[in-house]
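Novice: Here's a structure for you.
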Amino acid sequence: MNVLVCIKQVPDNAVVPKLDAATNRVVKDGVETMVSPFDLNAVEAGLKLVEEHGGEVSVLSVGDDSCKTTLRIGLSMGAAKAYLVNDPALEDSDTWATSYTLAKAIKSIGEFDVILCGKQAIDDDAGQVGAGIAEQLGISQITYVNEIKEVTADTLTAKRVSPAGEEVVEAKLPVLLTCEKSLNEPRYPTLKRTRMANRAEIPVMDCAAIGADAAKVGKNSPSAIKKLYTPAPRQSGELIKGEAEEIGKIAVQKLVEQKII
Amino acid sequence: MSNKNSVWVCLEQTDGKIAGVSYEMLSEARKLADQLSTEVCAVLMGAQVQDQAKEAFAYGADKVYVCDDEKLKDYRTDSYCKVLENLVKENTPDILLLAATTNGRDLAARLASRLETGLAADCVALNLEDGQLVATRPTYGGNIMADVVFPEKRPAMCTIRPNALSKSEPDASKTGEVIAVAMDADEAELRTKVREVLAKASGEISLTDAQIIVSGGRGLGDASGFDLIREFAQTLGAAVGASRAAVDAGWIPYEHQVGQTGKTVAPKLYIACGISGALQHLAGMKTSDVIVAINKDEEAPIFGVANYGIVGDLYKVIPVMIEEIKKVLATR
């Protein structure tokens, strides 16, 4: 079973993101990065699948050269191969263009039984790229997966989060899954694997190499960001201090007066 | 009024019942359509859902396309996408709204990819500028807002966050046209099957639907602290939430986690108990209408976003609040 995992490098979420008013972009210079957390669950799921069913895991990312760091984390967890798509034409790609690019890259890399993504990246928060890739590749999808139940020669069965609760879905292979945090606990890289990952050659492909039409991506995406801004900060209200008996009563009184309860 | 450039809403339904977010989307679609002098069309897909179609008129739909078929009993990407794709291709709407639920997002992303059109996720406001849609959506865990535009490709697609847009007063006197649509996909073409549906534990209110949420964090001290949180929640008819710290400590399952790597919620009232207010938690709840925080530490960042900050021991304050709330409710 061959598995490909799409992973994304995002700014560290322990830091409040800042905007550069001149460029209308989020400041990335000097900001620590991390692998988008749900993508680590996707890598872990991929590693578990190949441990049980054989084959290998490849990791793929789109971004500038610094994203090799993210790919090396995938390698150090146990992925066998890593690929980066880097092309200046991809800057400002929306989720449609990113799905298109990743699907083209996957086709150029090879055949996979299972493709995994995080349920969403924690910078863009869109959660659209996984399903977008599945459509571009013409394969089935199960999104918001929190348990992989069974894999047969031609199907994969998984539990997903549905609006009403949860449901168990059987999909024909190949399938694309998007992963919830509750799917698993991502493993830590071993020292040995980290050393190997740091030495690994990561092939870099541009749009031409993967057969992506540069006229469909980047600034030519179907949607565009007109403006980024910081939401008005929430005003803090009043502090209620004193004895528990007293402040508990005051708090409820205020909620009742304000018709909140 | 014309069918041209119309505003479409894909209604979200579960077990044949239309979800609240559908009415929020219809109300918003009506406003947009009035400004654009066009009509609002709703799409209802499912099994045994036909009777629900008329509900859409009260919230502003002019037409409801109903595809009622046993094959649509369960939400499945392939079947729902096929029906909606056909309708969009025949009718060329200008704007198409879907719910930002796990199913709505699954469907919207698949369809947008197929139609090669733009899709803005989890929108919280829609506006028109020079007749063009501008969709506002939170990114970076709500720390940054993005205004998204759709230069050429149509329809402009958006998923809409539940409880973000206001629902108009329903007008039961309104009527419209119900148009039956055939389901023409073969079972063999559908690549997935729903094997089992697992409902939520009975009596438990889901975080995303809740009007009131009571959340517990590290300040509870141990897992048994959630007994008090549950009692508090039950008194208020609220859902139970948790911070990542409480989930990571194994005190409560992940599905209760509120925050950037958990659920994003915006209830009428959010009560944070023993939660310090890490950035990643605030990202998931700071758009709640009213926030109450109970914490011993007066310097806790949670007080920076709270309407009412109660500085005290939650184990002493909450029992008082429960008794007071019971008294208030008993008088109603």
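The values are calculated or read from the model by the stated rules, or taken from the named source; none is laboratory data. This one's a predicted model, so the numbers in the text were calculated from it and none came from an experiment. Cβ coordinates were reconstructed from backbone atoms using ideal geometry, including for glycine residues, and neighbour counts include every protein chain displayed.
Novice: Looking at A:G74, is it part of a helix (DSSP H, G or I), of a type outside the set (K, R) and in contact with an Asp or Glu (Cβ under 9 Å, 6 or more places away or on another chain)? Steps first, please.
Specialist: Values: part of a helix (DSSP H, G or I): yes; of a type outside the set (K, R): yes; in contact with an Asp or Glu (Cβ under 9 Å, 6 or more places away or on another chain): yes.
Judged against the criteria, A:G74 is a match.
Novice: Further question: If I filter the stretch A:34-48 for residues that are away from chain B (no Cβ under 14 Å), assigned to a loop (DSSP other than H, G, I, E, B), of a type outside the set (K, R) and under 21 Å from A:R195 (Cα atoms), do I get at least one hit?
Specialist: Filtering the stretch A:34-48 down to residues away from chain B (no Cβ under 14 Å) leaves A:43-48.
Next, only the ones that are assigned to a loop (DSSP other than H, G, I, E, B) stay: none.
No, there is no match, as no residue in the stretch A:34-48 is away from chain B (no Cβ under 14 Å), assigned to a loop (DSSP other than H, G, I, E, B), of a type outside the set (K, R) and under 21 Å from A:R195 (Cα atoms).
One line per residue, one yes/no per condition, for (1) free of Cβ contacts under 8 Å to residues at least 40 places away in the same chain; (2) under 26 Å from B:K263 (Cα atoms):
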site	(1), (2)
A:D65	no, no
A:G74	no, yes
A:L84	no, no
A:S93	no, no
A:S99	yes, yes
A:F112	no, no
A:Q136	yes, no
A:Q141	yes, yes
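Novice: Follow-up. Quick check: anything in the stretch B:169-177 touching a helix residue (DSSP H, G or I) at 6+ places or on another chain (Cβ under 8 Å), closer than 17 Å to B:V21 by Cβ and part of a loop (DSSP other than H, G, I, E, B)? Talk me through it step by step, then tell me what you get.
Specialist: Going through the stretch B:169-177, the residues touching a helix residue (DSSP H, G or I) at 6+ places or on another chain (Cβ under 8 Å) turn out to be B:170-172, B:174-176.
Now narrow it down to the ones that are closer than 17 Å to B:V21 by Cβ: B:170.
When the remaining residues are screened for being part of a loop (DSSP other than H, G, I, E, B), the result is B:170.
Yes, the stretch B:169-177 contains a residue that is touching a helix residue (DSSP H, G or I) at 6+ places or on another chain (Cβ under 8 Å), closer than 17 Å to B:V21 by Cβ and part of a loop (DSSP other than H, G, I, E, B).
Novice: Report, by residue number, each residue of the stretch A:76-105 that is crowded, with 24+ Cβ neighbours inside 10 Å and within 19 Å of A:F38 (Cβ to Cβ).
Specialist: A:M77, A:A79, A:A82, A:T95, A:T98, A:S99, A:L102
Novice: For the stretch A:204-261, which positions are within 8 Å of chain B (Cβ to nearest Cβ), touching a helix residue (DSSP H, G or I) at 6+ places or on another chain (Cβ under 6 Å) and in a loop (DSSP other than H, G, I, E, B)?
Specialist: The answer is A:S221, A:P222, A:S236, A:I261.
Novice: Among the listed residues B:T287, B:T261, B:T208, which satisfies the condition of being assigned to a loop (DSSP other than H, G, I, E, B), without any contact (Cβ under 8 Å) to a residue 24 or more places away in the chain and under 20 Å from the mean Cα position of the chain (by Cα)?
Specialist: On the way: B:T287 fails: without any contact (Cβ under 8 Å) to a residue 24 or more places away in the chain; B:T208 fails: without any contact (Cβ under 8 Å) to a residue 24 or more places away in the chain.
Answer to the selection: B:T261.
Novice: Give just the number: which of (1) farther than 23 Å from A:A232 by Cβ; (2) in a loop (DSSP other than H, G, I, E, B); (3) at the interface with another protein chain (Cβ under 10 Å from one of its Cβ atoms) does B:V317 not satisfy?
Specialist: (2)
Novice: Restricting attention to the stretch A:196-206, which residues are in contact with a strand residue (DSSP E or B) (Cβ under 8 Å, 6 or more places away or on another chain) and either loosely packed, with under 13 Cβ neighbours inside 10 Å or closer than 12 Å to A:K104 by Cα (or both)?
Specialist: A:P203, A:M205, A:D206
Novice: With the stretch B:116-155 as the region, which strands (runs of 3 or more DSSP E) entirely inside it contain at least 1 residues that are more than 7 Å from chain A (Cβ to nearest Cβ)?
Specialist: Working: elements: B:119-123, B:125-129, B:132-139, B:144-149.
Once the strands (runs of 3 or more DSSP E) in the stretch B:116-155 are filtered for at least 1 residues that are more than 7 Å from chain A (Cβ to nearest Cβ), what remains is B:119-123, B:125-129, B:132-139.
Novice: For B:Q280, only one of the following conditions fails: (1) part of a helix (DSSP H, G or I); (2) modelled with pLDDT of 95 or more; (3) within 9 Å of chain A (Cβ to nearest Cβ). What is its number?
Specialist: Going through (1) part of a helix (DSSP H, G or I); (2) modelled with pLDDT of 95 or more; (3) within 9 Å of chain A (Cβ to nearest Cβ) one by one, B:Q280 breaks only (2).
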